[in-house]
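Take a look at the structure below.
The values are calculated or read from the model by the stated rules, or taken from the named source; none is laboratory data. Quick caveat: nothing in here was measured; it's all calculated off a predicted structure. All Cβ positions, even for glycine, are placed from backbone atoms using ideal geometry, and neighbour counts span all protein chains on display.
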């Protein structure tokens, strides 16, 4: 069985595009079999972006577990001075993200990096954004949350989207053991947007 958090998906490739609109602007990214939410932007990501874009994040931003890149690439098209690292373990997802980066002419500000969580990440970052891979399990997800602190600047923030029925409450409690300044920015359709500041 192939999962979107596999390093090298073995399912047959069928590259296509996912499209969506947000705040009056259209976005389109490459997708394929063997990646997360292969047929459309998932609801959690869409709600996450609704909250993140008005924040106008700046500086250096890490999209950890980026998949094909809808979060980082959408922010990059709206935060024109920020620089980005899009990181994921899935080689196919990263190849697609890189292809979207090239089409959008973002190579000077966006780097795609294959990394098992923080394995190859070099900080620090002003912000880290995470739509965690729920099916990878709590051990992996909690490493994404706990590791964020050492890769953030002082005053930098971790932003997380997670569904209530997929563990938002326990994720919040865990993040509160790592960070002192934690809040729930938004709740919508069962999804929680959590912010934790170093």
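Go through (1) touching a helix residue (DSSP H, G or I) at 6+ places or on another chain (Cβ under 9 Å); (2) under 19 Å from residue 159 (Cα atoms); (3) without any contact (Cβ under 8 Å) to a residue 12 or more places away in the chain for residue 54 and report which single condition fails.
The single condition residue 54 does not satisfy is (1).
Is it the case, given these coordinates, that residue 73 is in contact (Cβ under 8 Å) with a residue 40 or more places away in the chain, closer than 16 Å to residue 32 by Cβ and not in a strand (DSSP E or B)?
Here the answer is yes, as residue 73 does meet what is asked.
Residues in region 58-70: is at least one assigned to a loop (DSSP other than H, G, I, E, B) and over 24 Å from residue 143 (Cβ atoms)? Spell out how you get there, then give the answer.
Here is the first cut: in region 58-70, the ones assigned to a loop (DSSP other than H, G, I, E, B) are 58-59, 65-69.
Applying the additional criterion that residues be over 24 Å from residue 143 (Cβ atoms) yields 58.
Among the residues of region 58-70, at least one is assigned to a loop (DSSP other than H, G, I, E, B) and over 24 Å from residue 143 (Cβ atoms), which makes the answer yes.
Scan region 158-179 for residues that are assigned to a loop (DSSP other than H, G, I, E, B) and modelled with pLDDT of 95 or more and jot them down.
Matches in region 158-179: 179 only.
Suppose we keep only residues that are in contact with a strand residue (DSSP E or B) (Cβ under 6 Å, 6 or more places away or on another chain) and buried (at least 22 other Cβ atoms within 10 Å of the Cβ) within region 79-91. Which one would you say is farthest from residue 52 (Cα to Cα)?
Among residues in region 79-91 that are in contact with a strand residue (DSSP E or B) (Cβ under 6 Å, 6 or more places away or on another chain) and buried (at least 22 other Cβ atoms within 10 Å of the Cβ), the one farthest from residue 52 (Cα to Cα) is 87.
Would you tally the residues in region 172-188 being surrounded by 15 or more Cβ atoms within 10 Å (Cβ to Cβ) and out of contact with any helix residue (DSSP H, G or I) (no Cβ under 7 Å at 6 or more places or on another chain)?
Going through region 172-188 one residue at a time, the tally reaches 1.
Would you check which residues across region 139-159 are closer than 18 Å to residue 55 by Cβ and out of contact with any helix residue (DSSP H, G or I) (no Cβ under 7 Å at 6 or more places or on another chain) and list them?
Correct list: 148, 152, 153, 155, 156, 157.
Scan (1) without any contact (Cβ under 8 Å) to a residue 40 or more places away in the chain; (2) in contact with a helix residue (DSSP H, G or I) (Cβ under 9 Å, 6 or more places away or on another chain); (3) over 18 Å from residue 70 (Cβ atoms) for the single condition residue 119 breaks and write down its number.
Exception for residue 119: condition (2).
For residue 67, which of the numbered conditions (1) within 26 Å of residue 126 (Cα to Cα); (2) at pLDDT 95 or above fails to hold?
Here residue 67 meets the rest and fails (2).
Considering only region 92-105, state which residues are part of a loop (DSSP other than H, G, I, E, B) and surrounded by 19 or more Cβ atoms within 10 Å (Cβ to Cβ).
As a first pass, look at region 92-105 and keep what is part of a loop (DSSP other than H, G, I, E, B): 104-105.
Residues satisfying the conditions do not exist here.
Going through region 115-157 one residue at a time, which ones are in a strand (DSSP E or B), under 15 Å from the mean Cα position of the chain (by Cα) and surrounded by fewer than 17 Cβ atoms within 10 Å (Cβ to Cβ)?
Listed by number, the list is empty, since nothing qualifies.
In region 138-149, which residues are out of contact with any strand residue (DSSP E or B) (no Cβ under 8 Å at 6 or more places or on another chain) and farther than 12 Å from residue 117 by Cβ?
Filtering region 138-149 down to residues out of contact with any strand residue (DSSP E or B) (no Cβ under 8 Å at 6 or more places or on another chain) leaves 138-143, 146-147.
Scanning region 138-149 gives a single hit, 138.
Please find, within region 160-171, the residue that is surrounded by the most Cβ atoms within 10 Å (Cβ to Cβ) out of those that are touching a strand residue (DSSP E or B) at 6+ places or on another chain (Cβ under 7 Å) and over 22 Å from residue 54 (Cβ atoms).
First, the residues of region 160-171 that are touching a strand residue (DSSP E or B) at 6+ places or on another chain (Cβ under 7 Å): 160-164, 168, 171.
With the extra rule that they be over 22 Å from residue 54 (Cβ atoms), the set shrinks to 164, 171.
Working: 164: 14, 171: 22.
Per the stated criteria, the residue is 171.
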